[in-house]
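Read through the structure below, which is laid out as structure tokens, and then see the notes.
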Amino acid sequence: MRVGQRQNTTVKTSARPRRVPQRTCIACRRVEGKRQLVRIVRTPAGTVALDPTGRQNGRGAYLHADPACWDAAFKRKVIQHALKTELTDADRLALEAYRASLAPQPEPAEPPREEGDEQR
């Protein structure tokens, strides 16, 4: 080290954990990471389609890849409400075809109970 030079005394800190974008399922209203949900988009042309990349232009809505969420969304018409449009027959058929391809999700298991942990 030369005279008059300062020694680098800064301490590197560990990188902050990466922020995960959160989205809400329009059917069950549970908040999940963006990648755990399926995005449906109303394009600027007015058509409704699946958006596997999550980057397509237009108004988007998110659903779990669970048939129960899709059934609830169709029954309560929350897709139309969230996208602020009416679904055409072609759009509805395309979404229902995707829903038919989904495998049912298992119910989350309850944590095991310990002895003496009875409900009254």
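The values are calculated or read from the model by the stated rules, or taken from the named source; none is laboratory data. All values reported here derive from a predicted model rather than from experimental measurement. No Cβ is skipped: glycine too gets one built from the backbone with ideal geometry, and neighbour counts run over all protein chains shown.
Listed values, structure above:
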item: Filter pass, residue 67 being at pLDDT 95 or above and out of contact with any Ser or Thr (no Cβ under 7 Å at 6 or more places or on another chain); result: yes
item: Complete set of residues in segment 84-120 that are in a helix (DSSP H, G or I) and either at pLDDT below 80 or of a type in the set (A, V, I, L, M) (or both); result: 90, 93, 94, 95, 97, 100
item: Pick from segment 12-44, criterion at pLDDT 95 or above and in a loop (DSSP other than H, G, I, E, B), ranking: farthest from residue 62 (Cα to Cα); result: 44
item: Members of segment 81-101 that are within 22 Å of residue 31 (Cβ to Cβ) and within 18 Å of the chain's Cα centre (by Cα); result: 81, 82, 83, 99
item: Search result, residues across segment 42-69 that are without any contact (Cβ under 8 Å) to a residue 24 or more places away in the chain and under 14 Å from residue 98 (Cβ atoms); result: 51, 52
item: Close pairs from segment 73-97: first touching a residue at least 12 places away in the same chain (Cβ under 8 Å) and among the β-branched types (Val, Ile, Thr), partner in a helix (DSSP H, G or I) and surrounded by 17 or more Cβ atoms within 10 Å (Cβ to Cβ), Cβ under 7 Å, at least 6 apart; result: 79/73
item: Members of segment 21-47 found to be touching a Ser or Thr at 6+ places or on another chain (Cβ under 7 Å) and buried (at least 20 other Cβ atoms within 10 Å of the Cβ), listed by number; result: 42
